[in-house]
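Encoded as structure tokens, the structure appears first; notes follow it.
The values are calculated or read from the model by the stated rules, or taken from the named source; none is laboratory data. All of these numbers come straight from a predicted model, not from anything done at the bench. No Cβ is skipped: glycine too gets one built from the backbone with ideal geometry, and neighbour counts run over all protein chains shown.
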Amino acid sequence: MRTILEDHPNFADVRHGAGLCLAMMGDTEGARREWELCAEQNPDDCRIKAYLVSLDS
């Protein structure tokens, strides 16, 4: 995933997936970083908003 994101930083679906993987591994700060970047690219994506809220609860 990292290689794809390095080559295509605006590929939101991969960034979304990277956030999920990081969250499942316990890296909540890494997940937040990926999802915040994803939210900048797709501000209307309700999934990303929900994932970010879940990190705060």
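Brief remarks on what is shown
- The range 36-55: number of residues that are hydrophobic (A, V, I, L, M, F, W, C), buried (at least 16 other Cβ atoms within 10 Å of the Cβ) and over 14 Å from Val14 (Cα atoms): 1
- Met1 satisfies every condition listed in (1) touching a residue at least 12 places away in the same chain (Cβ under 8 Å); (2) under 22 Å from Ser57 (Cβ atoms) except (2).
- Arg15 vs. criteria basic (Lys, Arg), surrounded by 17 or more Cβ atoms within 10 Å (Cβ to Cβ) and modelled with pLDDT of 90 or more: yes
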